[in-house]
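The values are calculated or read from the model by the stated rules, or taken from the named source; none is laboratory data. Note that the structure is predicted; figures quoted are calculated from it, not measured. Every residue, glycine among them, receives a Cβ derived from its backbone with ideal geometry; neighbour counts consider all protein chains shown. We work out accessible area using only protein heavy atoms, side chains counted, and drop any ligands, DNA or RNA first. Shrake-Rupley method; radii C 1.70, N 1.55, O 1.52, S 1.80 Å.
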Amino acid sequence: MILGASGQIARWVIRELANDAAIRQTLFLRHTRKLHGKAPANARVLEGDVLDKAALADAMVGQDLVYANLTGDDIDEQARAVIAAMQAAGVSRLVFVTSLGIYDELPGKFQKWNKTMIGKELKPFRRAADAIEASGLDYTILRPAWLTDENKVDYETTAKGETFKGTEVSRRSVADLIAKIIATPSLHSRANLGVNKPGTDGDKPSFY
């Protein structure tokens, strides 16, 4: 199940999985019109809000893996709702996208710049990550660098506790990693990973 299925990273994931006959996608989003009728043949579309307990509980039945592509200043509340619904339905595998910088893990001047740009917004993302790690679920938390629309797959990862590398990464690259985890759920089990494009180290992303 893909939560927040109209998101830009999610759209790449949906496309990656579209031709896999072994996968059935459940696309869960607030407004189905945002898909513009482009759901693939192996997908069913459900309209709902993750904070609607009944809707999320119904959608969770029979799922094997949940990928959450959520955002907002209440993302910690959304994360707790997802955790509760998964635990109630007996679904354990979760891939959850948060943000770089939630652990002050960026190097030097990039850390200072990032904090100036989005420091306040990162607090609920950190709380979401903490809740997921404490949940007992089989999670993978991803912390992408600043996102680009480059139509190219090129990325590397860092583990929690390591200094983050790079300043940017393409949405398609993050989607590639997520699709690989969906295809092989044991991949990056209970991992918390930074994701960046190699060679983009600096004081800030190139587009700033």
Restricting the first residue to the range 20-49 and requiring it to be free of Cβ contacts under 8 Å to residues at least 40 places away in the same chain, which pairs with a second residue that is part of a loop (DSSP other than H, G, I, E, B) and β-branched (Val, Ile, Thr) meet a Cβ separation below 9 Å and a spacing of at least six or different chains?
28/50; 30/50; 42/23
For the condition open to solvent by less than 40 Å² (accessible area, probe 1.4 Å) and farther than 14 Å from residue 103 by Cβ, what is the one hit in 153, 169?
169
Before we move on, is residue 61 touching a residue at least 24 places away in the same chain (Cβ under 8 Å) and more than 20 Å from the chain's Cα centre (by Cα)?
yes
Among the residues of the range 104-160, write down those that are within 19 Å of residue 69 (Cβ to Cβ) and of a type in the set (Phe, Trp, Tyr).
125, 139, 146, 155
Would a scan of the range 102-121 turn up a residue that is touching a Leu at 6+ places or on another chain (Cβ under 7 Å), of a type in the set (Val, Ile, Thr) and under 22 Å from residue 165 (Cα atoms)?
yes
I want to confirm something. Restricting to the range 96-135 and keeping residues that are free of Cβ contacts under 8 Å to residues at least 12 places away in the same chain and among the polar types (S, T, N, Q), which single residue is least open to solvent (accessible area, probe 1.4 Å)?
111
Which residues, taken from the range 48-67, are open to solvent by 70 Å² or more (accessible area, probe 1.4 Å) and either touching a Cys at 6+ places or on another chain (Cβ under 6 Å) or part of a helix (DSSP H, G or I) (or both)?
53, 58
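Taking the options 21, 39, 54, name whichever one is farther than 20 Å from residue 134 by Cβ and at pLDDT 95 or above.
54
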Is it fair to say residue 138 is open to solvent by 10 Å² or more (accessible area, probe 1.4 Å) and under 30 Å from residue 24 (Cα atoms)?
yes
The range 194-206 residues that are among the acidic types (Asp, Glu), paired with ones that are assigned to a loop (DSSP other than H, G, I, E, B) and crowded, with 20+ Cβ neighbours inside 10 Å (beta carbon under 6 Å, 6 or more apart):
201/166
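It is to be established whether one or more residues within the range 46-56 are touching a helix residue (DSSP H, G or I) at 6+ places or on another chain (Cβ under 6 Å) and farther than 24 Å from residue 92 by Cβ.
Yes, the range 46-56 has at least one match.
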